[in-house]
Amino acid sequence: MKYKDHYYHLAKRKGYVSRAAFKLIQINQRFYLIKRGYTVLDLGASPGGWSQVALRLVGEEGRVIGVDLNPLRIRGVEFVRGDVFSDEVLEHIKNRVSEVDVVLSDMAPKISGVHSLDHARSIELAERAYAIASEMLRDGGHMVVKVFQGDMLGRYLRKLRKHFELVKVHKPQASTPASAETYVVCKRFHRDPISPAQTQQAESGP
């Protein structure tokens with residue numbers, strides 16, 4: 001409880017709507033994904049912790065588009081209300097912007113308590129985030145996706161490595177240590193498949 005309270009109270013002091021904001025802050029400090037002037041697509045954005053962080057990082061020159069079934073009331077975020085699995089919602093996004101620099105997904109399934117089921121559902125959400133990213137990311141763009149660890153993760157990572165130079169599984173400090181959640185950080189998107197040599201070279205670097 002003390003661990004959770006630390007980030008909860010820190011979020012209140014910093015003006016973030018959720019403690020999840022610090023996960024993205026820490027991920028960005030490690031991987032340098034979001035820069036001033038960027039356009040960011042935040043999938044499953046409500047209540048808005050990640051969108052708030054993204055807004056501060058992109059500045060007045062950038063844009064943040066949030067998508068969720070639930071309301072999102074963050075001033076400055078362009079909100080698309082709907083299901084990320086809906087093709088109509090994807091069309092609404094495309095009507096707002098032709099391409100984006102970064103796709104974020106902190107989406108998680110409703111927890112059943114059955115690990116294998118929760119893991120499979122988290123991978124389904126991660127697959128949808130990647131499908132949207134494949135259509136919306138510019139060449140060289142980045143993606144961050146939350147998943148629950150499990151036996152389906154390896155196959156998902158192999159798919160990502162066909163189109164991103166760098167794919168890393170990373171658990172930020174703000175993520176509860178006992179939680180099964182982790183984040184897949186993907187950098188430098190290529191619409192056409194890249195060679196394994198390109199991916200290996202990128203992952204062996206600093």
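The values are calculated or read from the model by the stated rules, or taken from the named source; none is laboratory data. Everything quoted here is computed from the prediction, not taken from an experiment. When we count neighbours, we look across all protein chains shown, and the Cβ atoms used for this are built from the backbone with ideal geometry, even at glycine. The accessibility values were calculated without ligands, DNA or RNA, using every heavy atom of the protein model including side chains. Shrake-Rupley method; radii C 1.70, N 1.55, O 1.52, S 1.80 Å.
Considering each residue of the range 4-58, count those that are at pLDDT 95 or above, part of a helix (DSSP H, G or I) and of a type in the set (F, W, Y), and give that number.
2
Within the range 93-106, which residues are open to solvent by 20 Å² or more (accessible area, probe 1.4 Å) and part of a loop (DSSP other than H, G, I, E, B)?
Answer for the range 93-106, where residues must be open to solvent by 20 Å² or more (accessible area, probe 1.4 Å) and part of a loop (DSSP other than H, G, I, E, B): S98, E99, D106.
Write out, first by first residue and then by second, each pair whose Cβ atoms fall under 7 Å of each other, whose residues are 6+ apart or on separate chains, and whose first residue, in the range 14-33, is touching a residue at least 24 places away in the same chain (Cβ under 8 Å) while the second is open to solvent by 20 Å² or more (accessible area, probe 1.4 Å) and of a type in the set (S, T, N, Q).
From residues that are touching a residue at least 24 places away in the same chain (Cβ under 8 Å), the pairs are Y16/Q52; V17/Q52; A21/Q52; Q26/Q173.
Give all pairs with beta carbons closer than 8 Å in which a residue from the range 138-150 that is without any contact (Cβ under 8 Å) to a residue 40 or more places away in the chain and in a strand (DSSP E or B) meets a residue that is charged (D, E, K, R) and open to solvent by less than 20 Å² (accessible area, probe 1.4 Å); count only pairs at least 6 apart in sequence or on separate chains.
Sorted first by the residue in the range 138-150, then by its partner, the pairs are V147/E181.
For the subset of the range 78-92 comprising residues that are assigned to a loop (DSSP other than H, G, I, E, B) and open to solvent by 20 Å² or more (accessible area, probe 1.4 Å), which member is farthest from S122 (Cα to Cα)?
Across the range 78-92, the extreme among qualifying residues is S86.
Quick check: is even one residue across the range 134-149 closer than 21 Å to D83 by Cβ, modelled with pLDDT of 95 or more and either among the basic types (K, R) or open to solvent by 70 Å² or more (accessible area, probe 1.4 Å) (or both)?
So far as the range 134-149 goes, yes, one or more of its residues are closer than 21 Å to D83 by Cβ, modelled with pLDDT of 95 or more and either among the basic types (K, R) or open to solvent by 70 Å² or more (accessible area, probe 1.4 Å) (or both).
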